[in-house]
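Okay, so here's the structure we're looking at.
The values are calculated or read from the model by the stated rules, or taken from the named source; none is laboratory data. Predicted, not measured: the structure shown is a model, and the values here were computed from it. Here the Cβ positions follow ideal geometry from the backbone for every residue, glycine too, while neighbour counts run over all protein chains shown.
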Amino acid sequence: MRKSWGKPTIIAGGIMAGLAAFDPVSAQEAIRAGGVTALTGSAVAVRTNAEDDLALNDPIFKNDILETGAGGKLRVTFSDDTQLTLGPDAEVIIDEFVYAPEKKSGNAALRFAAGTARVIAGAIEDNGGAAAFSIRTPVATIGIRGTDFFVELEGDHLQVALFSGYEVTVTNAAGTTVLRPGEGPSL
């Protein structure tokens, strides 16, 4: 996990919180994407150059960087009921997660930087369409189509396995591989 930037004093923290309340950019960036629904060991959310220790029921926001410790396991349930479970020493960035069923729209974009994860897709595709949910890694981009799948990234080695659902596409410079349930490439 990243080193903490430290905790401000109560006075400085109060001043900063007051200023943030009047900052329209901060208010726009604090879009709640979901919440912590299970946690074992340690996990943090890096937000605006500060690390917040996560606890059960904590909110998860757009632009959060989620990191688990050596023995950590974290499950986030997003607003559309998508579940993201991170294993030990994992890191993922929530670039986008907007689910608006009343507007028939939705879009999710995650960046997976390290470790292992399991994703069980929720209802976002029902409103956002087939290209509504993707996960980028340094090795490939994974397109998600109503699925339950596993990702492991170790350095520049990526493994993907599709447990159930329709399909997952894995795309990199060499081309695109379409996975059906029970299949999984190693890149």
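What the table below lists for this structure:
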quantity	calculated
Residue list for the range 131-187, filter: touching a Phe, Trp or Tyr at 6+ places or on another chain (Cβ under 6 Å), closer than 19 Å to Asp95 by Cα and modelled with pLDDT under 90	Ile144, Arg145
When residues of the range 132-155 are limited to those that are crowded, with 18+ Cβ neighbours inside 10 Å and in a loop (DSSP other than H, G, I, E, B), the one nearest to the chain's Cα centre (by Cα)	Thr137
Members of the range 77-94 found to be surrounded by 18 or more Cβ atoms within 10 Å (Cβ to Cβ) and not in a strand (DSSP E or B), listed by number	Ser79, Asp80, Thr82, Ala90
Pro101 vs. criteria surrounded by fewer than 17 Cβ atoms within 10 Å (Cβ to Cβ), at pLDDT below 90 and not aliphatic (A, V, I, L, M)	yes
Sole residue being surrounded by 17 or more Cβ atoms within 10 Å (Cβ to Cβ) and within 20 Å of Phe97 (Cβ to Cβ), chosen from Leu158, Leu162, Leu110, Leu179	Leu110
